[in-house]
Amino acid sequence: TSAKVEPVLTIPHGQNLSSTSGWEQRVGQILWNPLLHPNSSSGDPLVDLAETSSHEGGGNIITVGWDARSPITLWDISSMSEAKEVWSTKPEVETTSFRRGRGRLDRFSGLNSALPRRASWDPHDGSHILATAGADVVAYDMRCPPREVGVIRSAHRYGVTDVCHNHLQSNVVVTSGMDGIVKFFDLRMHLSQRPSSA
């Protein structure tokens, strides 16, 4: 007989939100802090998690909601007995690709909203993440209040399917899209500031 495997920790993604549609709790992706490297390991995973959590912004794992109705949340799981929410985006953020009256993009809004959201945690700066949002890629700084700090507008015509930082060179990311194209971006040239909604 095989032993039953029990979870050590459970993360309550999206359970603190007021909406009850169920989409808020769906997780499409999980990301470990990229600053956790095997070559810098102490040999004790709990010590490594605590070190990363205390020195690199307070979190060591991100849950990425299925779409814009579900948050992107940074968690501190260093104690391995409870998950503490450190930072989270607000669900149903209106992105450029989902706004009405955008001509050709409006025709594909159903397709864009069906794409699962993907994110990439910057391996050169543990406080920055990029996330897909329809045809756009949005940037977040997890040291700031949860709002978009920049955007690559219309990165892919029919929607962005993935985004990934270059681990060898900072400011370089690669995206893929429903248009069948893979694109490389230098964030210093392509990441524009989001207009304030105040």
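The values are calculated or read from the model by the stated rules, or taken from the named source; none is laboratory data. What you see is a predicted model, and the numbers here were worked out from it, not measured in a lab. Cβ atoms come from the backbone with ideal geometry, glycine included; neighbour counts cover every protein chain shown. Only protein heavy atoms, including side chains, enter the accessible area calculation; ligands, DNA and RNA are left aside. Shrake-Rupley method; radii C 1.70, N 1.55, O 1.52, S 1.80 Å.
If I ask for residues that are open to solvent by 50 Å² or more (accessible area, probe 1.4 Å), within 23 Å of Pro71 (Cβ to Cβ) and at pLDDT 95 or above, which ones from the range 140-180 would you list? Scanning the range 140-180 gives Asp162, Cys164.
Just so you know, in the range 48-86 the residues that are open to solvent by 20 Å² or more (accessible area, probe 1.4 Å), modelled with pLDDT of 80 or more and among the charged types (D, E, K, R) include one that is farthest from the chain's Cα centre (by Cα), and it is Glu82. Total residues in the range 58-68 satisfying the condition of being part of a loop (DSSP other than H, G, I, E, B) and in contact with a Gly (Cβ under 9 Å, 6 or more places away or on another chain): the figure is 4. Take the conditions (1) at pLDDT 95 or above; (2) hydrophobic (A, V, I, L, M, F, W, C); (3) in contact with a His (Cβ under 7 Å, 6 or more places away or on another chain); Ala135 misses just one of them, which is (1).
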